[in-house]
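Beneath this line is the structure, given in structure tokens, with notes to follow.
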Amino acid sequence: MTRLTRAVRGLVTALAALLAVTASSATAQAKTEPRAPKDFVALSTVDPTILQEMRYFTPHNFVGERIDGYEQPICILTRPAADALHRAQLKLLRKGYTLKVYDCYRPQRAVDHFVRWAKDLGDQAMKGEFYPDVDKTRLFEDGYIAAKSGHSRGSTMDLTIVRLPARPTRPYHPGEPLVPCYAPKNERFPDNSVDMGTGFDCFDPLAHTMDPRVQGEQRTNRLLLKNTLESLGFVNLAEEWWHFTYQPEPYPDTYFDFPVSWKSLISGH
């Protein structure tokens, strides 16, 4: 065997070993990606009539970009929460309304993304709409951002009500002029939601469900959402008119991190 032949064979052997290690590493990473427990479902399989506008899959949110972990724009919930939401939808449909969800299960990696963003005081691209009157240095202290979220337990959702027939909400265009989330409905971003007094994810006391300054039609709309859901076992977060948790939660102490995707559900079932 010539010296050249031995060198070539040595190179081939080394490459084969490298490929094997790479393949093994990729396989290991694929196997360690978290999956959803069997009692998590896509809301659309329980009630396809509930509208979905999954904001964190889009750049139209307080960060200004798609959030980590949102691989597809689908609402995932524990089955008890999804079933209860279906019952709420039936009540609202009879009154000429439909529910619309903005966010459901939220992986821990998404919450981590929020925390990194909140600590980056130089990134205030979406301040004009979502937190116009809040100093970003106070997001943690004021409770707008936290290291853990009830959404990660799978039975919490952010939602609103839309009058039927539902008109589509126009797409958000990154870089477009921003209007404060508490501005009059005809001035802020045109959401097809009924007028709740503020937009979704508005970091402002006016978003508190029972803020006394919110009266008339806006208060009526908030109470319609609140009373409908509370009659079926949901509990509202007082600081956010859109935020509800179904109780009792199947996973009251577990914060999941599987991606928001159909694959997370299919692989886990």
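The values are calculated or read from the model by the stated rules, or taken from the named source; none is laboratory data. Everything quoted here is computed from the prediction, not taken from an experiment. Note that we place each Cβ from the backbone using ideal geometry, even for glycine, and neighbour counts take in every protein chain shown.
A few remarks follow.
- The conditions of being under 15 Å from the mean Cα position of the chain (by Cα) and over 22 Å from residue 257 (Cα atoms) are met by residue 100.
Residues are listed down the side, and each one gets a yes or a no for (1) closer than 25 Å to residue 266 by Cβ; (2) of a type in the set (Gly, Ala, Ser); (3) part of a helix (DSSP H, G or I); (4) in contact with a Leu (Cβ under 8 Å, 6 or more places away or on another chain):
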residue: 48; (1), (2), (3), (4): yes, no, no, no
residue: 66; (1), (2), (3), (4): yes, no, no, no
residue: 92; (1), (2), (3), (4): no, no, yes, yes
residue: 98; (1), (2), (3), (4): no, no, no, yes
residue: 116; (1), (2), (3), (4): no, no, yes, no
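- Options 198, 220, 228, 169; residue that is buried (at least 16 other Cβ atoms within 10 Å of the Cβ), outside any loop (DSSP other than H, G, I, E, B) and of a type in the set (Val, Ile, Thr): 228
- All of (1) of a type in the set (Gly, Ala, Ser); (2) over 20 Å from residue 99 (Cβ atoms); (3) at pLDDT 95 or above hold for residue 81 with one exception: (2).
- Top-ranked residue of the range 127-148 - restricted to ones that are surrounded by fewer than 13 Cβ atoms within 10 Å (Cβ to Cβ) and either in contact (Cβ under 8 Å) with a residue 40 or more places away in the chain or touching a Cys at 6+ places or on another chain (Cβ under 7 Å) (or both), ranked as farthest from residue 117 (Cα to Cα): 133
- Applying the set (1) of a type outside the set (Ser, Thr, Tyr); (2) over 28 Å from residue 39 (Cα atoms); (3) at pLDDT 95 or above to residue 170 leaves exactly one unmet item: (3).
- Filter result (of a type in the set (A, V, I, L, M, F, W, C), within 21 Å of the chain's Cα centre (by Cα) and over 20 Å from residue 97 (Cβ atoms)) within the range 179-205: 181, 189, 202, 203
- Across the range 234-269, the number of residues qualifying as part of a loop (DSSP other than H, G, I, E, B) and farther than 30 Å from residue 211 by Cβ comes to 10.
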